[in-house]
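A short worksheet on the structure shown next.
Bear in mind these aren't lab numbers, they're just calculated from the coordinates by the rules spelled out. Remember, it's a predicted structure, so these values are computed and weren't measured experimentally. Counting neighbours? That spans all protein chains shown, and the Cβs are built from the backbone with ideal geometry, glycine included.
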Amino acid sequence: MQRQLRLVGLLGPSTILTSVFILAPIALTIWLAFHEWSTQTAFDTARFVGLRNFEDLFGPTSVGRDFRRAFINTAVYSGLSIAIILPLSVLLGLLVYQTRVWGGSVLRTVLFSTYMVPSIAVALVWSKLYSPTEGPFNQMLGWIGIGPQTWLSSPDTALVSLVYLNVWQQVGYFTVLIVAGLTQIPGTLYDAAKVDGATSHQTFWRITLPLLKRALLFSAVICLINAVQVFEPVVLITQGGPAGSTNVLTFHIRRVGIERAQGGLGSAMAVMLLLTLVVTVVAFFAAARKTDDG
């Protein structure tokens, strides 16, 4: 009995805080998703409408078209971020993990420091770097004979430009995760491979990469969660433009739920984002488990 009371005393505060600040808002959002409610009124004014909000999201109206566009933009942004960040973090992780490389510790510190810079500051600085006239990026391209790029002013390049911003800010954090994974690989495996005459290429593909799978899986999940939450760069730089090319779900939910005061519809979008994220993460773990079984 005393042990149980001690356990309750240890877990009670964290359980209460989790329920109040995480579970309760999620439950409230799910409840509002089935109601028509204006964010300018109290919760008791919400009117139950069943699945109508979800029908609107997948319907032929402008509500559905805008939601699907934002969903696709978020998926593309997240996919490109993962596809660029993970290989780059492995490359940089291998570089800074080499103890005999001069400046490895300094490079590790510099890489991780980019993750510690506030997102608002990063967005403001990169908006200047992307400037079509006085921006350093276009000036450097001019040095090698390439004309100025549209970057944030064209629907074809705006979303990719935000991906580059995200890669710069996030890659240092994931490099540290990869380095942590590398430290868990026994050095005896590399010694044995060297004795057997394995090349560096063979060692990487048959030892390093397979044993980094758990670190890469964790990194992919965290990278996905970070990517779907992109908000500050869109708000501060593009405002969802040009032509809706950077209108991601978080920004669209804010626009619908707060600016247009359609709280029920915005909650339905948030629920769809949460469900998609959960399904994708489960798929990641299922694919990793299938690889282990294979």
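Computed quantities for the displayed model
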read-out: MRE, 222 nm, helices only [DSSP H, n ≥ 4, -39500 (n - 2.57), over the chain, to nearest 500]; value: -21000 deg cm²/dmol
read-out: Burial ordering of Ile85, Ile22, Ile207, Ile222, fewest other beta-carbon atoms within 10 Å first; value: Ile22, Ile222, Ile207, Ile85
read-out: Principal-axis tilt of helix 2-18 within the chain, Cα atoms, nearest 10 degrees; value: 70 degrees
read-out: Electrostatic dipole magnitude of segment 173-270 [Cβ: Lys, Arg +1; Asp, Glu -1; Cα centre; debye, to 20]; value: 160 debye
read-out: Once exposed loop chymotrypsin sites (Phe, Trp or Tyr not before Pro) are cut out (DSSP; at most 14 other Cβ, 10 Å), longest piece of the chain; value: 103-294
read-out: Intensity falloff of segment 66-293 expressed as log10 I(q)/I(0), Debye formula with alpha-carbon point scatterers, at q = 0.09, 0.14, 0.17, 0.18 Å⁻¹; value: -0.47, -0.99, -1.24, -1.31
read-out: Nearest 10 degrees, 0 to 90: helix 119-129 Cα axis against the chain principal axis; value: 70 degrees
read-out: Set of lysines near Lys213 by C-alpha distance (under 25 Å), chain-local residues within fewer than 8 positions excluded; value: Lys194, Lys290
read-out: Average Cα contact separation per residue, the chain, under 8 Å, 6 or more apart, as relative contact order %; value: 28 percent
read-out: Net charge, Ile253 excluded, C-beta distance under 13 Å - Lys, Arg +1, Asp, Glu -1; value: +1
read-out: Estimated dipole of the chain in Debye, rounded to 20 [Cβ of Lys and Arg +1, of Asp and Glu -1, Cα centre]; value: 500 debye
